[in-house]
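Worksheet: one structure, shown below.
The values are calculated or read from the model by the stated rules, or taken from the named source; none is laboratory data. Owing to the predicted nature of the structure, the values given are computational and were not obtained by experimental measurement. Because the Cβ atoms are built from the backbone with ideal geometry, glycine has one as well, and the counts that use them run over all protein chains shown. Accessible surface areas use protein heavy atoms only, side chains included; no ligands, DNA or RNA. Shrake-Rupley method; radii C 1.70, N 1.55, O 1.52, S 1.80 Å.
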Amino acid sequence: MSAVFPTVREVLALDPVRHGAPRVVAGESGLDRPVRWVHVAEVPDIATLLGGGELVLTTGIGLPADDAGLRAFIGDLADVGVSGLVVELGRRYVSGVPRVMIAAAERRGLPLVELRRATPFVRITEAVHALIVDAQLTELRAAEEIHQRFTDLSVEGADAAEVIRQAAELSGCPVVLENLSRQVLGYDPAGESAELLLDGWEQHSRRIRPAGRTAYDPDSGWLVTVVGARGQDWGRLLLRWPASGDPPNAAPPNRLSILVERAASTLALGRLIRRDAEGLERQLHRTLLTALLDHSRPVDEVALRAKALGVALDRRHLVGVMVRHRADDPAADGGSEAGQARLRDLSEAVGQALREAKLTALTSAVDDNSVGALLALTDPAAEDRALSAFAEALRRVRLDAATGRAASFASAGVIVAAGSGVSSLREARRSLVEARQIAEAARRDRRDLPVFRLPHVGLAGLLHLLRDEPRLQTFVERELGPLLEYDAQHPRERLLDTLRAYLEQGRNKSAGAAAAHLSRPAFYERLARIARILDVDLDSVEASLSLHVALLALEAVRTP
């Protein structure tokens, strides 16, 4: 993709300029500067009327006669940021521009060009301005296409993979979506090697540090924008520019900034949208469960609507329940038809199990992987009995529905997780969220429990279930970010492993050195370096505890 404005080099290649037999006599290193406009000037104080980026044309008639005046003229043009100076020979200067001008322009890196043959300046200005206008129109058309493409994707509810693919297709550049902990959520290599693109991604990403929410990092060649909605940032979208370019560190055109921002907005919107293809009653159940989870409706309204569905929630003991498959089916992601069918089967099994156990509940799929239920019990003492009856009924229903897959079910099965019982609908969200977190954490637990409750989830499991939470990722970055960045710059030292060995050995330095396979002096020196990098006291129990939790959280974030 070309930039909106032509460079000085491109201007010199235009026919009206070539007719003047141009010769670059100074500032050749600046020939790739963009030309924002062309300005004809015959007065020495023209710099005060310019805004930067202009290519100045002159015959030199009004320029100062003394060396100091010529130096000041060149200096003023360089200070204001003009792209170059073109001097037509013949009227003021016959054989060439003065040496003092050449020396001053070379010193400031300002392209100075002689036109050795008379050329109407109007033809040059017309040609350059037409080039600029055409490029701007091309840019506007491209921006319009970008806007339309991502508007269509938003309306269609396209998944993240499709949004990323479209961004790569429109730009012709590799695109990567990552979370706040620099873990890749999706990518499109745009025809390049995916292995090379993602090799050592976390360390590479930590070196990409642009200034601003949308900015280009010329050192790494990545255009970056933050992804988030409603004030909650949860990732970054990165586009590598240039796939090829001259010069190699040239900033990408404005339309690519527009592209990554529109793609990021579409990704953020898609995360908020939940597509639903269920029956009307199930939709109503889902609407009410979602309202409790998202606080999108007053609880009194939820109670009234639920009662109209035959589910009384007032003056009941409420228990949030989440059911999900223990293992993901690689052939059936949540957005595919197979994934939707798998989730629908589970939702129907949960509904039937509730009926067989004679339990009253709101129930529906609550995301692409989980089916939720809010049990409404008349007797709080019946909570454990009701959960056991539901789990047993669900097991029977699934075995009856898939007797040919009974062995598979017995080994993998589903996870039933329940939150703490509450006595008010206003507290129901807490129970539902707790159940969702327990279900996610229980995927790492190999025990075959009928119902997982909060006491079954340890710290590692808790952090695993919170791994997609931006606040946890922010905590990890705050505690370990400087050390992770140091390791990215010095991969052979592996100070993170040193810190892990120290903490896992209960801060016993001798045991830590042995675990890290280092001599004690080397281990002590590395600990001192870690303390300086993180600005912490590793002998402090509180500081070490915080770092140990951050390490466990980092492991959870990095583990799919």
- Note on the structure: Exactly one of GLY90, GLY51, GLY20 is in contact with a Phe, Trp or Tyr (Cβ under 9 Å, 6 or more places away or on another chain) and part of a loop (DSSP other than H, G, I, E, B), and that one is GLY51
- Query: Quick check, is ALA393 modelled with pLDDT of 80 or more and either within 30 Å of GLU156 (Cβ to Cβ) or hydrophobic (A, V, I, L, M, F, W, C) (or both)?
  - Reply: yes
- In segment 209-235, which residues are of a type outside the set (Ser, Thr, Tyr), within 21 Å of ALA488 (Cα to Cα) and surrounded by 18 or more Cβ atoms within 10 Å (Cβ to Cβ)? PRO210, GLY221, TRP222, LEU223, VAL224, GLY235
- Message: Name the single residue that is surrounded by the most Cβ atoms within 10 Å (Cβ to Cβ) among those in segment 183-197 being within 15 Å of the chain's Cα centre (by Cα) and modelled with pLDDT of 85 or more.
- Response: ASP188
- Message: Suppose the filter is in contact (Cβ under 8 Å) with a residue 60 or more places away in the chain and of a type in the set (A, V, I, L, M); does ALA167 pass it?
- Response: yes
- Test for LEU459: is it closer than 16 Å to ALA550 by Cβ, surrounded by fewer than 16 Cβ atoms within 10 Å (Cβ to Cβ), of a type in the set (A, V, I, L, M) and in contact with a helix residue (DSSP H, G or I) (Cβ under 8 Å, 6 or more places away or on another chain): yes
- Message: From the list VAL133, VAL155, VAL122, exactly one residue is within 46 Å of the chain's Cα centre (by Cα) and under 20 Å from VAL82 (Cα atoms). Which is it?
- Response: VAL133
- Which of the residues that make up segment 1-12 are at pLDDT below 90 and either touching a Cys at 6+ places or on another chain (Cβ under 9 Å) or surrounded by fewer than 20 Cβ atoms within 10 Å (Cβ to Cβ) (or both)? MET1, SER2, ALA3, VAL4, GLU10
- Task: Specify which of the listed residues (LEU112, LEU85, LEU63) is closer than 24 Å to LEU49 by Cα, modelled with pLDDT of 90 or more, more than 51 Å from the chain's Cα centre (by Cα) and buried (at least 17 other Cβ atoms within 10 Å of the Cβ).
- Result: LEU63
- Message: For segment 157-182: of the residues being among the acidic types (Asp, Glu) and open to solvent by 10 Å² or more (accessible area, probe 1.4 Å), which is modelled with the lowest pLDDT?
- Response: ASP159
- Of (1) of a type outside the set (Asp, Glu); (2) under 14 Å from ALA47 (Cβ atoms); (3) out of contact with any strand residue (DSSP E or B) (no Cβ under 8 Å at 6 or more places or on another chain), LEU77 fails just (3)
- Filter pass, VAL11 being within 42 Å of the chain's Cα centre (by Cα) and in a loop (DSSP other than H, G, I, E, B): no
- segment 249-276 - residue that is at pLDDT below 70 and under 18 Å from ARG209 (Cα atoms) and, of those, surrounded by the fewest Cβ atoms within 10 Å (Cβ to Cβ): ASN249
- Item | segment 525-560, subset assigned to a helix (DSSP H, G or I) and open to solvent by 90 Å² or more (accessible area, probe 1.4 Å), residue modelled with the lowest pLDDT | ARG558
- Message: Going through HIS129, HIS39 one at a time, which residue ends up being touching a strand residue (DSSP E or B) at 6+ places or on another chain (Cβ under 7 Å) and open to solvent by 50 Å² or more (accessible area, probe 1.4 Å)?
- Response: HIS39
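The rows are residues; the columns are (1) open to solvent by 70 Å² or more (accessible area, probe 1.4 Å); (2) among the aliphatic types (A, V, I, L, M).
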| residue | (1), (2) |
| --- | --- |
| GLN473 | no, no |
| LEU499 | no, yes |
| ARG507 | yes, no |
| ALA513 | no, yes |
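Yes/no per residue for (1) under 19 Å from SER370 (Cα atoms); (2) assigned to a helix (DSSP H, G or I); (3) within 33 Å of the chain's Cα centre (by Cα); (4) modelled with pLDDT of 90 or more:
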{"position": "ARG398", "(1), (2), (3), (4)": "yes, yes, no, no"}
{"position": "ARG405", "(1), (2), (3), (4)": "no, yes, no, no"}
{"position": "SER408", "(1), (2), (3), (4)": "no, yes, no, no"}
{"position": "VAL416", "(1), (2), (3), (4)": "yes, no, yes, yes"}
{"position": "SER420", "(1), (2), (3), (4)": "yes, no, no, yes"}
{"position": "GLU427", "(1), (2), (3), (4)": "no, yes, no, yes"}
{"position": "LEU432", "(1), (2), (3), (4)": "yes, yes, yes, yes"}
{"position": "GLU440", "(1), (2), (3), (4)": "yes, yes, yes, no"}
- Residue pairs within 6 Å by beta carbon, gap of at least six or interchain, first lying in segment 471-483 and farther than 21 Å from ARG494 by Cβ, second among the β-branched types (Val, Ile, Thr) and part of a helix (DSSP H, G or I), listed first then second, are none
- So is GLU144 within 22 Å of ALA488 (Cα to Cα), open to solvent by 20 Å² or more (accessible area, probe 1.4 Å) and at pLDDT below 85 or not? no
- Message: With the requirement that a residue be touching a Lys or Arg at 6+ places or on another chain (Cβ under 7 Å), outside any helix (DSSP H, G or I) and closer than 19 Å to GLU469 by Cβ, what does segment 198-228 give you?
- Response: VAL226, VAL227
- Item | Matching residues, segment 95-110, being farther than 20 Å from ASP32 by Cβ, part of a helix (DSSP H, G or I) and either in contact with a Ser or Thr (Cβ under 8 Å, 6 or more places away or on another chain) or not aliphatic (A, V, I, L, M) (or both) | ARG99
